[in-house]
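*Asks:* Shown below is the structure under consideration.
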Amino acid sequence: QVQLVESGGGLVQPGGSLRLSCAASRRLFRFNVMGWYRQAPGKERDLVATINSVGSTNYVESVKGRFIISRDNDLNTMYLQMNSLKPEDTAVYYCWVKVAGVGEYWGQGTQVTVSS
């Protein structure tokens with residue numbers, strides 16, 4: 001079973017930046033979609049951003065222009081660069097990978113807290 005290990009979360013002031021990383025324990029198949037979900041207290045788990053095998057990206061409207069999703073296929077690692085952070089971005093962020101014909105994998109979640 002593939003394990004996804006997340007890192008980079010923490011406490012940051014409004015307007016600050018963080019970069020989340022998600023590293024896969026095993027080499028992933030090339031036909032996949034990777035992304036980040038987040039879940040704020042008392043709310044649903046929502047999709048934040050996705051990136052496919054050839055680098056096409058999608059973002060939820062609230063993070064467009066502030067967040068950048070990227071991937072390094074050689075390192076089996078995905079990143080979420082978060083800039084101009086707002087208190088509304090506070091949530092547990094989950095790495096997610098969907099491999100065609102195989103299944104889906106989730107990271108353990110990493111806490112991002114934006115507070116002054």
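*Asks:* Pull up the cross-link candidates among the lysines for Lys64, meaning alpha carbon to alpha carbon under 21 Å and not fewer than 8 places away within one chain.
*Replies:* Excluding near neighbours in sequence, the set is Lys43, Lys86.
*Asks:* Right, something else. Output the relative contact order of region 48-116, whole-number percent, from Cα pairs under 8 angstrom with separation of 6+ residues. Mind dumping the intermediate values first?
*Replies:* Values: 85 pairs, mean separation 15.0, N = 69.
RCO, region 48-116: 22 percent.
*Asks:* Follow-up. Once R0 is set to 35 Å, what does the formula 1/(1 + (r/R0)^6) return for the Cβ-Cβ distance between Phe31 and Ser84, expressed as a FRET efficiency to the nearest 0.05?
*Replies:* Details: r = 33 Å, r/R0 = 0.95.
Computed FRET efficiency for Phe31 and Ser84 comes out at 0.60.
*Asks:* Give me the number: length gained by fully extending Leu75 to Val54, i.e. 0.36 nm times residue separation minus the C-alpha to C-alpha distance, one decimal in nm. If you can, show how the numbers build up before the last one.
*Replies:* Values: separation 21, 0.36 × 21 = 7.56 nm, distance 1.53 nm.
Result for the pair: 6.0 nm of gain on full extension.
*Asks:* So how far apart, in nm, are the two label points at Gln108 and Gln3 if each is 7 Å from Cα heading toward Cβ?
*Replies:* Here the modelled spin labels are 0.8 nm apart.
*Asks:* Now for a separate question. Given the peptides 88-97, 45-54, arrange them by the average over their residues of other C-beta atoms within 10 Å, most packed first. Please list the in-between numbers first.
*Replies:* Numbers: 88-97: 20.4, 45-54: 16.2.
Output ranking for 88-97, 45-54: 88-97, 45-54.
*Asks:* Also: Note down the relative contact order for the chain as a percent, whole number, built from C-alpha pairs under 8 angstrom at least six residues apart.
*Replies:* Working: 276 pairs, mean separation 42.0, N = 116.
Once divided by the residue count of the chain, the mean separation gives 36 percent.
Rule-based calculations on the coordinates, nothing more; no lab input. Quantities reported herein were computed from a predicted structural model and do not represent experimental measurements. Backbone-built Cβ (ideal geometry, glycine too); neighbour counts: all protein chains shown.
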